[in-house]
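Data first, discussion second: the structure below is written as structure tokens.
The values are calculated or read from the model by the stated rules, or taken from the named source; none is laboratory data. Since the structure is predicted, the reported quantities are computational estimates derived from the model, not experimental observations. Neighbour counts run over all protein chains shown; Cβ positions are idealised from the backbone, glycine included.
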Amino acid sequence: MNIGVLGGTFDPVHSGHLLIAEKARLKLKLNLVIFVPAGQPYLKSSREITPAFHRVEMVKRAIADDANFELSTVEVDRNGPSYTVDTIEALQRRLGSGTSMYFLIGWDSLEEIHEWHEPARLVKLCKLVAVTRPGLKKPDLKSMESFISGITNNVVWLDIDPIDISSSDIREKVARGISIHGLVPESVERYIKKNKLYRN
């Protein structure tokens, strides 16, 4: 069984996340894509993040009608910082040793993966699916090999048309009273409005 994992703060989850997950599912013939909202992402500690229960609820609503997508709260249920390597291990244990894991990651995050917690162990546990990000050049895997042995053979390139939607832009639009219609699923748009999220 081939399982995709899409992690992130999802603050909020948006249409770009869903499109990336679907394109990865089809191209890599994944049986399922699991969305994993981050608990306490240790590399984003400088920004105040919306409480986890809101972010989980938005993901739940966004994927409710798609049987190919699943929500995991493995990170928000865990105390302390969220480490991707621990998440992949936890999902692998739950799904069984016969499962091949594919972790979806943007080009920008791939460039910074040497700053992650135990990146060398991560690339042994799963394939990294590198997703095109607008305005960025393709990361040089050969230069990364010197500090993460084996990464060259564990990256799958997912070349798609760049998706120019960001959670930070959505938060800013909401704060300024600008419509986010089409940038997020309608169920997420209603949830943000009802709970008065991202307002200054």
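Scanning region 81-102 for residues that are hydroxyl-bearing (Ser, Thr, Tyr), within 21 Å of Glu22 (Cα to Cα) and in a strand (DSSP E or B) yields Ser100, Tyr102.
When region 158-180 is filtered for residues that are at pLDDT 95 or above and closer than 21 Å to Met101 by Cα, nothing remains.
Within region 14-40, which residues are out of contact with any Ser or Thr (no Cβ under 8 Å at 6 or more places or on another chain) and either in a loop (DSSP other than H, G, I, E, B) or within 15 Å of Thr84 (Cα to Cα) (or both)? Across region 14-40, the qualifying residues are Leu28, Lys29, Leu30, Asn31.
Checked against the criterion of being hydroxyl-bearing (Ser, Thr, Tyr) and without any contact (Cβ under 8 Å) to a residue 24 or more places away in the chain, region 69-79 has no qualifying residue. Exactly one residue out of Arg78, Arg55, Arg47, Arg61 is within 13 Å of the chain's Cα centre (by Cα) and outside any strand (DSSP E or B), and it is Arg55. The residues listed here are Val56, Val33; of these, the one that is within 22 Å of Ile160 (Cβ to Cβ), β-branched (Val, Ile, Thr), modelled with pLDDT of 95 or more and surrounded by 13 or more Cβ atoms within 10 Å (Cβ to Cβ) is Val33.
Considering the conditions (1) more than 16 Å from Ala120 (Cα to Cα); (2) surrounded by 11 or more Cβ atoms within 10 Å (Cβ to Cβ), Val155 is excluded by exactly one of them, (1).
The residue of region 110-138 that is modelled with the highest pLDDT, among those that are charged (D, E, K, R) and surrounded by 16 or more Cβ atoms within 10 Å (Cβ to Cβ), is Lys127. Go through the residues of region 82-94 one by one and say whether even a single one is among the charged types (D, E, K, R) and closer than 25 Å to Thr50 by Cα. Yes - at least one qualifying residue is present in region 82-94. Within the set Ser143, Ser109, Ser149, the sole residue that is of a type in the set (S, T, N, Q), without any contact (Cβ under 8 Å) to a residue 12 or more places away in the chain and either under 28 Å from Tyr198 (Cα atoms) or part of a loop (DSSP other than H, G, I, E, B) (or both) turns out to be Ser109.
For Glu70, only one of the following conditions fails: (1) over 26 Å from Ala120 (Cβ atoms); (2) under 12 Å from the mean Cα position of the chain (by Cα); (3) part of a strand (DSSP E or B). What is its number? Result: Glu70 fails condition (2) only.
Restricting region 81-100 to residues that are farther than 14 Å from Ala120 by Cα and under 15 Å from the mean Cα position of the chain (by Cα), which is surrounded by the fewest Cβ atoms within 10 Å (Cβ to Cβ)? I'd like the intermediate steps shown before the answer.
In the first step, residues of region 81-100 are kept if they are farther than 14 Å from Ala120 by Cα; the result is 81-82, 87, 90-100.
Narrowing further to those that are under 15 Å from the mean Cα position of the chain (by Cα): 82, 87, 91.
Values: Ser82: 22, Thr87: 24, Leu91: 20.
Result: Leu91.
Of all residues in region 170-190, those that are touching a residue at least 24 places away in the same chain (Cβ under 8 Å) and part of a helix (DSSP H, G or I) have Cβ atoms under 7 Å from Cβ atoms of residues that are of a type outside the set (A, V, I, L, M, F, W, C) and loosely packed, with under 11 Cβ neighbours inside 10 Å, 6 or more apart or on another chain, in Ala175/Asn200.
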